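Worksheet for the structure shown next.
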Amino acid sequence: MLPNSIAGLANNVYEARLMGDHEILYEPDPDQAIKRAEELVENIQTVLIPNASHMVLLEQTELVNSHILNFLSGDKQTGQ
């Protein structure tokens, strides 16, 4: 649980979390990690990037860049 002074800030922050579908940190179920992140962070956009592991940016550069550009342009609905 976050202290009230910090918890209030979280409501004004938007986060894009791009995760590779072969990321070993989230095995055996990356969908469970996404669900947990969405429970903890109010304004989070989670995307499971196919055919990528921990090095998602290097492994799927164009797809990651596309998601980042959409996120920064204000399109918060481009997640999973």
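Annotations
- Residues in the stretch 21-28 carry Karplus couplings, in order, of 6, 10, 5, 6, 5, 10, 6, x Hz; the curve used is 6.51 cos²θ - 1.76 cosθ + 1.60 with θ = phi - 60°, and Gly or Pro positions show x.
- Burial ordering of Val41, Val13, Val56, fewest other beta-carbon atoms within 10 Å first: Val13, Val41, Val56
- The stretch 4-72: C-alpha gyration tensor shape, a/c 1.5 cut-off, then a/b vs b/c: oblate
- When Asp21, Asp29 are sorted by how many other C-beta atoms sit within 10 angstrom of their C-beta, beginning with the fewest, the order is Asp29, Asp21.
All of the numbers you see were taken from the coordinates with simple rules; none came from a lab. Everything quoted here is computed from the prediction, not taken from an experiment. In this analysis, Cβ positions are derived from the backbone assuming ideal geometry, glycine residues included, and neighbour counts consider all displayed protein chains.
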